[in-house]
Amino acid sequence: MKRRDFLKAAAGGATALCTSGAATARENLQPTPQAVGMLFDSTLCVGCKACVAKCKEVNDMPPVILNGDVQYDSAKDLSGDTLNVIKIYKNGTAAVKDNEVDGFAFEKRSCMHCVDPGCVSVCPTTSMQRDSLTGIVTYNPDTCIGCRNCTMGCPYNVPQFEYDKPYGQIQKCQMCNQPGVARVDNGLMTGCAEVCPTGATLFGPREELMAEAKRRTVLKPGEIYNYPRGDISKPYSYHEKETPTYKKHIWGEKEAGGTNVLHISSVAFDKLGMPPLEERSYASISEGVQHTLYNFLALPAVALAGLTYVVRKNINSDDNDGGES
Amino acid sequence: MSQHKPIGGRLFTLPFMALGIVAAIGLYFLMMRFQEGMSAVTNLNGGNAWGLWVVYDVVIGTALACGGYALAIAVYVLNKGQYHPLMRPAIMASLFGYALGGFGAFIDMGRWWQFYNIFLPGNMNFNSVMLEVGLCVATYILILFIEFAPAVLEKMGAKGAVKALNKVLFIFIALGVLLPTMHQSSLGSLLIAMGYKVTPLWQTMHLQPLLAVLSALTMGFSIVIFEESFATVGLRRPAETRLLGGLGKAIMGLLVAFLIVRIAELVIQGKLGLAFAGDMNSLMFLLETTLFVIPVVILSSPVNRRSGRKLLIAALSMLFAGSLYRLNAFLIGFDAGPGYSYFPSVPEIMVTVGIVAAEIMAYLIFVKKLPVLHASKHA
């Protein structure tokens, strides 16, 4: 191959590589037909951590003990032993609940069950999957190699590897529906929603939860609202309460393609530790770039054919020149 | 009729023994990792799931092992037969680098006893960049074994086998060009899914694969210069300066292309200001860019390209630049969010240092016992 021809071909390839990425990238995935989720209303949370304890009970995980003091679960963040945690936002004197300035607020951290999950997209062995009906993001340790790309590809750092065990695995919230627990399949709600005394964590179909979140965020502050507890499609009780000043922002409606677990709050979400996400999911961009380059291995196959031809020719010309192959 | 010869000499020299001790310390901590779990040895945490082992051993290690790939393009695709004498030692160094990259990936795997799951078609997720990297690197290690096989077969005196292998070698050489192009670009694409966690100076959604493969190629040519200089000085081999000067020219061209893409992306996305913000990330960016520019300046002068010393300085600067680019993107400029930070532990560092020591020991054994280095000055 002449140097000029090669440069031409290389330039063509480079152009294809650079320009086609944006053109063929896929759209964000849409919610599954019977997506279930949870609505966490930060203004209702009193920080009792009953959900943290119940989560450990359902998932058979030990409490985290701080300073040798066994009182209650002291987990500060998600880990191989903690799938759900309540965090606190504090500012200044921290006197008033749900105030951004001189106030405090609670925030639940657990798997958001993304509509277009990064962990599912990056997992090489399909160990992370999105249930095609419920949209629950599941984990199967039997195929997992432990590369932890799911943690790196999760905007919320949810999948947690058990670093303290020689034969560890990934742990994450599976909405209490993993084999052996299967609460959702049996018509039950998640453990955390079941025990929440204020309905701050509410279980139910994503659509109904979204409608509820929209209702709440347009309420007039001070108006009395009847808050349900448990499962939004069949609440076991209600309580009346003055509505706080909600931010007009439902976390999970659009962020990185949306999530099945929705959050609403009186404090801005970046202050509650939520990541800076745009509407486009990273999974859709990454897959777009990858599929453009590989396209059912068509481009590599053509490249290989060309390379084989050129290499063979050049080896022979080496031989003719008296060189060795 | 090989023109390659083992260089012979005593194997158990003082430096060799010292390397052995370092490798043994690494092995000790490695055993601890398998007995007690990752947290007994590493500082990995809930947000920083990839640490030194992934980033140095795999991401940087395989880029440093791109000598065989880069030279194969020069010799067999661009038909620059004059570089052929450099080919065999470069293939060997690539084999070591990649084999140890594969080893690094294995010891870092949380569920290593199930590693074969990535090779089972039923498990494969074709959306996953990691799948492409895993399959491609594994296949390329096999290809490197085959490409290096003639050296071992010659030593064994298996003339028939060498002849038979040479007949079909072109297929493996072609694969040896294609596969690194694929997985070296994919190693860059791994960053895309990490999104906002990669600081804007190193995050770019569509250009990651191009930047990764361009810098890997440049590192490949640089490592050939480095290894040849090492052989010239350390093993008292005849210098190949004239040949290396040609590689220097290739490095300069590739580097200019890389820098244009890199800087243009920052300017177009309006991120260039971050380079002068005065924080840790901006300092690392300026250091990295300086290291990238030094070889361009040195190699632009034909006089410098004829000087073995200047070539070595340029190559070293490029190797540090390419390594720092990866370190910055994956570790230093990586922020998982509030509450998470990472710096490797001493045992973690010792495992990596031990792996590098073992690699150098293997290099010494191979060049002394096998026909790898070119016997005389090339024609």
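The condition (being touching a helix residue (DSSP H, G or I) at 6+ places or on another chain (Cβ under 7 Å) and exposed (fewer than 15 other Cβ atoms within 10 Å of the Cβ)) is satisfied by just one residue among B:PHE258, B:PHE276: B:PHE276.
Considering only segment B:132-142, I want to know if a residue exists there that is modelled with pLDDT under 95, in a helix (DSSP H, G or I), of a type in the set (Phe, Trp, Tyr) and under 23 Å from the mean Cα position of the chain (by Cα). No: zero hits. Against the test of being among the polar types (S, T, N, Q), touching a strand residue (DSSP E or B) at 6+ places or on another chain (Cβ under 8 Å), touching a residue at least 40 places away in the same chain (Cβ under 8 Å) and closer than 13 Å to A:VAL36 by Cα, the options A:GLN174, A:GLN160, A:GLN178 yield a single qualifying residue, A:GLN174. The one condition from (1) in contact with an Asp or Glu (Cβ under 7 Å, 6 or more places away or on another chain); (2) facing chain A (nearest Cβ under 9 Å); (3) in contact (Cβ under 8 Å) with a residue 24 or more places away in the chain that B:PRO89 does not meet is (2).
Please specify each residue of segment B:28-73 satisfying the condition of being polar (S, T, N, Q) and out of contact with any Phe, Trp or Tyr (no Cβ under 9 Å at 6 or more places or on another chain). Lay out the reasoning, then the answer.
Restricting attention to segment B:28-73, the residues satisfying the condition of being polar (S, T, N, Q) are B:35, B:39, B:42-43, B:45, B:48, B:62.
Residue satisfying the conditions is B:GLN35 alone.
Of the residues making up segment A:99-133, those that are outside any strand (DSSP E or B) and more than 25 Å from the chain's Cα centre (by Cα) are A:ASN99, A:GLU100, A:VAL101, A:ASP102.
The conditions of being more than 30 Å from A:ASN140 (Cα to Cα), surrounded by fewer than 24 Cβ atoms within 10 Å (Cβ to Cβ) and aliphatic (A, V, I, L, M) are met by B:MET87. Remark: pairs (first residue in segment A:12-39, over 12 Å from A:SER284 (Cα atoms); second residue among the small types (Gly, Ala, Ser) and at pLDDT below 95; Cβ separation under 8 Å; 6+ apart in sequence or on different chains) = A:GLY13/A:ALA303. For the structure I just gave you, tell me whether B:ALA216 is more than 12 Å from chain A (Cβ to nearest Cβ), closer than 27 Å to B:LEU266 by Cβ and within 15 Å of the chain's Cα centre (by Cα). When the stated conditions are applied, B:ALA216 passes them. Collect the residues in segment A:279-294 that are at the interface with chain B (Cβ under 8 Å from one of its Cβ atoms) and within 14 Å of the chain's Cα centre (by Cα), keeping them in residue-number order. Result: A:TYR282, A:ALA283. Apart from one condition, B:ALA65 fits all of (1) surrounded by fewer than 24 Cβ atoms within 10 Å (Cβ to Cβ); (2) within 20 Å of B:VAL351 (Cα to Cα); the exception is (1).
The values are calculated or read from the model by the stated rules, or taken from the named source; none is laboratory data. Because the structure is a prediction, the values reported are computed rather than measured. Cβ atoms come from the backbone with ideal geometry, glycine included; neighbour counts cover every protein chain shown.
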